[in-house]
Amino acid sequence: MVNINVQEAKDKITKIFMNVGVNKDEATIIAQMLVEADQRGVHSHGILCTARYVKLIREGKMRPNMNINVLKDNGVVAVWDGNHSSGQILGYRSMEEAIKKAKEHGIGVVCVKGANHFGALAYYAQMAQRAGMIGTALGTGDSTMAPWGGCEKVIGNNPISVAAPARNEVSPVLDMAMTVVANGKVSNMKRQGATEIPEGWGLDREGVPTTSMKDYYTIPPMAGYKGWGMAVMVDILAGVLFGGGTGDRAKDSADGPSIMMIAMDISAFNDEEKYFSDVDARINELKSSKKAKYSNGILMPGEIEANKFAASEKSGIVEVLLENLDMVNDIAKEMAIEPIAIIK
């Protein structure tokens, strides 16, 4: 791991995307989201994605600027065709629209088909959270996981994120894939030269558990049949429901992944002051419950990531994988952009 300056990383990654035709506004948003993922410690969805997105744009598989068709809009629910625009911009704009709808109707739902890789879903759920709402984001992905009891990759890791605002306590943020770990974590290990993966992270082509990187084929569902069941339901909610891509159809070269953004205005469900009083009390009750022997404390979902982000924002420094930084700097050098410097 190495340290780099947060603002320098954002500025130079913005320039990289502008160099391949992304307008400044969208390039700035993408760079911010990628760097923020690393600030939260989610290195599988951080600056690592820069090279992938540049390649997709150059190959014509990702539109450099958002271009959508609104297929349906009844006030509360909208369905967009993203026309293979940037998944991160589609996610950002669709959650903005969901929040706008929630302010007017109490709840807003925006579904996007024909997307592209959308990065860490927590960012979108937290957009609603920062607006004082509860945010939910679901997404499909190309086939990375075998069914419970199967050995063929036929379904994505289909992540889900839910973020709820609190006032005086830490605001919980759930962000998880339906696989044991995100596929990007294994990819990072492979780039670092690892020959073994942790027990329980991999299956070979016969569906047998393996710790060998050489024999690794796919990641099993988290919590066994429960993770598999949740992945199927995300496939339906964030894909089949509005004609979005699932499985192999969610590949960059096919229909692309699809996403569902939901924003819920608390005042439509409850008195806001009562909600914030009750949610703070409940979080405090959970965190102050009796701790297990040897436990360092009870953490809310997303609390570790929130602490890392806060520390990074305060210092202006973010920790990234050297291999990922090298990939970004290789592109920067090719474009005659000064590489992102390592802070010694």
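The values are calculated or read from the model by the stated rules, or taken from the named source; none is laboratory data. Worth saying up front: this structure is predicted, and the values here are computed from it rather than measured. We place every Cβ from the backbone using ideal geometry, glycine too, and count neighbours over all the protein chains shown. Please note that ligands, DNA and RNA were not included when accessible areas were found on the heavy atoms of the full protein model with its side chains. Shrake-Rupley method; radii C 1.70, N 1.55, O 1.52, S 1.80 Å.
With a cut-off of 10 Å between beta carbons, the residues surrounding residue 332 carry a summed charge of 0, where Lys and Arg count +1 and Asp and Glu -1. Can you give the FRET efficiency for residue 319 and residue 187, using 1/(1 + (r/R0)^6), R0 = 25 Å, r = Cβ-Cβ distance, to the nearest 0.05? According to the calculation, E is roughly 0.85. Remark on residue 317: its backbone amide H falls under 5 Å from those of 6, a criterion applied only to residues 5 or more positions apart or on other chains, H modelled at 1.01 Å from N.
Only helices at least 15 Å long along their own axis, judged from Cα atoms, and with Kyte-Doolittle mean hydropathy of -0.5 or greater: name those in the chain from DSSP H. Working shown, then result.
On the way: long enough: 6-19 (20 Å, -0.48); 24-39 (22 Å, -0.08); 87-105 (26 Å, -0.95); 225-237 (18 Å, 0.92); 272-287 (22 Å, -1.14); 303-315 (18 Å, -0.82); 322-334 (18 Å, -0.38).
Those that pass (Cα extent of 15 Å or more, hydropathy at least -0.5) are 6-19, 24-39, 225-237, 322-334.
Applying both filters, DSSP loop and at most 15 other Cβ atoms within 10 Å, to the GluC sites (Glu not before Pro) of the stretch 194-224 gives 199, 206. Could you please state, rounded to a whole Å, how far the C-alpha centre of the stretch 234-280 is from the C-alpha centre of the stretch 78-128? Cα centres, the stretch 234-280 to the stretch 78-128: 8 Å.
Give 15/55; 251/308; 10/101; 190/226; 10/344 a once-over and call out the pairs whose C-alpha atoms are over 23 Å from each other.
251/308; 10/101; 190/226
The trypsin sites (Lys or Arg not before Pro) of the stretch 253-298 that DSSP puts in a loop, and whose beta carbon has at most 13 other beta carbons within 10 Å, are 290, 291, 293.
Relative contact order of the stretch 57-123: 33 percent, from C-alpha pairs under 8 Å at least 6 residues apart in sequence. Computed over the alpha carbons of the chain, Rg followed by Dmax gives 20.0, 57 Å.
Kindly identify the stretch 1-159 as rounded, prolate or oblate by the Cα gyration tensor criterion: order the square roots of the eigenvalues as a ≥ b ≥ c, call it rounded if a/c is under 1.5, otherwise compare a/b with b/c, prolate if a/b is larger, else oblate. Could you put the intermediate results ahead of the total?
Details: a/c = 1.40, a/b = 1.16, b/c = 1.20.
It comes out rounded by the Cα gyration axes.
When chymotrypsin sites (Phe, Trp or Tyr not before Pro) are flagged only if DSSP places them in a loop and at most 13 other Cβ atoms lie within 10 Å, the longest unflagged stretch of the chain comes out as 1-268. For the chain, with a Gaussian network of springs between Cα atoms less than 10 Å apart, report the residue from 323, 152, 59 with the top mean-square fluctuation. Among 323, 152, 59, the largest GNM mean-square fluctuation belongs to 59.
Normalised by the number of residues in the stretch 233-307, the average gap of Cα pairs under 8 Å and 6 or more apart makes the relative contact order 15 percent. Loop-located trypsin sites (Lys or Arg not before Pro) in the stretch 131-195 (DSSP state other than H, G, I, E, B) with a sparse environment of at most 15 neighbouring Cβ atoms within 10 Å: 167.
Dividing the mean sequence gap of close Cα pairs (under 8 Å, 6+ apart) by how many residues the chain holds gives a relative contact order of 24 percent.
Based on the Kirkwood approach, the hydrodynamic radius assigned to the stretch 167-271 is 16.4 Å, with every pair of different Cα atoms included. When DSSP beta bridges are restricted to pairs lying wholly in the chain, around 85% turn out antiparallel. For a straight C-alpha distance cut-off of 16 angstrom, the aspartates and glutamates reachable from residue 72 (same-chain residues fewer than eight places away being disregarded) are 81, 97. Overall, the anisotropy analysis places the stretch 209-277 in the oblate class: the square-rooted eigenvalues a ≥ b ≥ c of its C-alpha gyration tensor yield a/c not less than 1.5, with a/b not exceeding b/c. Accessible surface of residue 176, taken over heavy atoms with a 1.4 Å probe and every protein chain present, rounds to 50 Å². Taking all protein chains as they are arranged and a probe of 1.4 Å, the heavy atoms of residue 277 leave approximately 70 Å² accessible to solvent.
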